[in-house]
1. Which one is surrounded by the fewest Cβ atoms within 10 Å (Cβ to Cβ), of the residues in segment 114-124 that are touching a helix residue (DSSP H, G or I) at 6+ places or on another chain (Cβ under 7 Å) and not small (Gly, Ala, Ser)?
2. Look at segment 50-109 and say how many of its residues are of a type in the set (A, V, I, L, M), surrounded by fewer than 20 Cβ atoms within 10 Å (Cβ to Cβ), farther than 16 Å from THR144 by Cα and within 17 Å of the chain's Cα centre (by Cα).
3. Looking only at segment 125-158, filter to residues that are open to solvent by 60 Å² or more (accessible area, probe 1.4 Å) and among the hydrophobic types (A, V, I, L, M, F, W, C); which one of those is farthest from the chain's Cα centre (by Cα)?
4. Failed condition for ARG90, given (1) in contact (Cβ under 8 Å) with a residue 40 or more places away in the chain; (2) within 24 Å of ALA26 (Cα to Cα), with all others met?
5. All but one of (1) of a type outside the set (Val, Ile, Thr); (2) open to solvent by 50 Å² or more (accessible area, probe 1.4 Å); (3) at pLDDT below 95 hold for GLY5, so report the exception by its number.
6. Quick check: anything in segment 123-131 over 23 Å from ARG27 (Cβ atoms) and at pLDDT below 85?
Amino acid sequence: MAKIGFARGARSEGIAQAEHRRPQSAREAILEAAARNIARQGIQGLRVEQVAEDAGVSTALLYYHFESRAGLVAAAFEYASEQAPSTALRLEDDTRSGYEAVRQSLLAELDEDPAVRDYSIVWGDVSASAVFEAELRPLLRSITGSWRDAVAGAIERG
């Protein structure tokens, strides 16, 4: 079984290196760059200018898509959450038994794939930051509840 990696900056690969995903739009490129930056430097170390540079866009375009740094952080958290392997539990056409779906999805969350680790780091950093940043709490509560409901639904199916 693989372990979750929470150390920042130690990976040679990461979100940008994920072979199966390529940004489809400037917005997605910004979200990937923001998630990668959060995984490397944490929310406190996130710099909008660096995200724009890494995404290959201007800061004006970044602010066009995301009104503020806080909006960017929230959107990057939502994006990272949607990339998690357990989102497969929400698929209505999943033919696996509930047990097998939960087992495979939760084990995939522990995968050593650098992108999976980076998204896990984003989740952990947002969770930790929500202790001090009240504006993150409703989003964290909502996304965590959605994940919990998906797992519970698959368990009920099983």
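The values are calculated or read from the model by the stated rules, or taken from the named source; none is laboratory data. This is a predicted model, so every value here is computed, not measured. Ideal geometry is used to build each Cβ from the backbone, glycine not excepted, and the neighbour counts take in all protein chains shown. Surface accessibility is based on the protein's heavy atoms, side chains included, excluding ligands, DNA and RNA. Shrake-Rupley method; radii C 1.70, N 1.55, O 1.52, S 1.80 Å.
1. PRO114
2. Count: 3.
3. ILE155
4. (2)
5. (2)
6. The answer is no; no qualifying residue exists.
Yes or no, residue by residue, for (1) in contact with a helix residue (DSSP H, G or I) (Cβ under 6 Å, 6 or more places away or on another chain); (2) under 16 Å from ASN37 (Cβ atoms):
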position	(1), (2)
ALA74	yes, yes
GLN83	yes, yes
ALA88	yes, no
SER97	no, no
LEU107	no, no
VAL131	no, no
SER142	no, no
